[in-house]
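**Q** There's a structure below that I have some questions on.
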Amino acid sequence: MRRIMENLPPPQIDEIEGFLVVRDDLLEGGTKTRIIGDYLKQHTNINEWVYPSPRQGYAQLAISIVCNSLGLKSTIFVPKGKKSWITERVEYYGGKVVLVPMGYLSHLNKVATDYADESENRKLIPFGCDDEIMVKGIEKVAKSLPIQPPKEIWSSVSSGVLSRGLQTAFPNSKVYGVQTGHNPTEREKGRAIIIKSPYQFNQPCKKKDLPPFPSSSHYDSKVWSVMKNKGEKGALFWNVAK
């Protein structure tokens, strides 16, 4: 398992329908698997990492993968009900899953925070992995891509970690963020131009709007359908996960 973290392949970029697509759907856990390790290693006294996650959120899986590879515990709080396949993969990687009744985000966050505060060896990872270390991690990965700075960049925006990292990596690019959940704050969106998805947060993309590659139907797929109508050919699209 440790080999997963030590030998991560660089992001693959494919040209698809005239757009440059970062294919982190090919990486188990997606993009955040690349950046969480640096954050965890800043806290050497912590042996259990705690996270509140929506059912379809990918950070839960990335956290469980990275914790597994580092010999750490992960505890993920998700809404009570049928587990998504993502949460089932969390359990595959040894993560403890806690099902929370009334699992709206603010309540999930409170329950997870209370649990983390019970021990000095536990720590809550902020929702969306919203920490400057992880924004810097995205910037580093983006700068390593073997491409010229694109005129346009498209991604999903929630916590804004991915978008803000891309904004810093490509300061002269026009950055679009498709809102797939809550209204992002000024800090979360940075200089991104926000476009609201026509889909509701818990509503998956319809088949006609799905991209021709594996992509989260609750997040990145919603970006693709908007970008195809409004984006400029040659734009960079960051596909976080499958």
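The values are calculated or read from the model by the stated rules, or taken from the named source; none is laboratory data. Only a predicted model underlies this, so the values are computations on that prediction, with no experimental measurement involved. No Cβ is skipped: glycine too gets one built from the backbone with ideal geometry, and neighbour counts run over all protein chains shown. All accessible areas refer to the heavy atoms of the entire protein, side chains included, with ligands and DNA or RNA removed. Shrake-Rupley method; radii C 1.70, N 1.55, O 1.52, S 1.80 Å.
**Q** For residues that are buried (at least 21 other Cβ atoms within 10 Å of the Cβ) and more than 21 Å from residue 231 (Cα to Cα), tally how many sit in segment 12-32.
**A** Total meeting the criteria: 5.
**Q** Output the residues belonging to segment 74-88 that are touching a Gly at 6+ places or on another chain (Cβ under 8 Å) and surrounded by fewer than 19 Cβ atoms within 10 Å (Cβ to Cβ).
**A** 80, 81 - these are the residues of segment 74-88 that are touching a Gly at 6+ places or on another chain (Cβ under 8 Å) and surrounded by fewer than 19 Cβ atoms within 10 Å (Cβ to Cβ).
**Q** Turning to a different aspect of this structure: Considering each residue of segment 99-112, count those that are open to solvent by less than 40 Å² (accessible area, probe 1.4 Å) and farther than 23 Å from residue 185 by Cβ, and give that number.
**A** Number satisfying all stated conditions: 1.
**Q** Can you tell me which residue within segment 217-242, out of those that are in contact with an Asp or Glu (Cβ under 8 Å, 6 or more places away or on another chain) and polar (S, T, N, Q), is modelled with the lowest pLDDT?
**A** Per the criteria, the residue is 225.
**Q** Just to check your reading of the model, which residue among 208, 143, 151 is closer than 24 Å to residue 20 by Cβ, at pLDDT below 95 and surrounded by fewer than 22 Cβ atoms within 10 Å (Cβ to Cβ)? Lay out the reasoning, then the answer.
**A** Working: 143 fails: at pLDDT below 95; 151 fails: at pLDDT below 95.
Every option except 208 fails the conditions.
**Q** Next up: In segment 108-126, which residue that is touching a Pro at 6+ places or on another chain (Cβ under 6 Å) and not polar (S, T, N, Q) is nearest to residue 36 (Cα to Cα)?
**A** To start, the set of residues in segment 108-126 that are touching a Pro at 6+ places or on another chain (Cβ under 6 Å) comprises 108-109, 112.
From the residues that got through so far, the ones that are not polar (S, T, N, Q) too are 108, 112.
Working: 108: 21, 112: 18 Å.
It comes out as 112.
**Q** Go through (1) buried (at least 18 other Cβ atoms within 10 Å of the Cβ); (2) of a type in the set (Phe, Trp, Tyr); (3) touching a Phe, Trp or Tyr at 6+ places or on another chain (Cβ under 9 Å) and name the single condition residue 115 misses.
**A** Just one mismatch for residue 115, condition (1).
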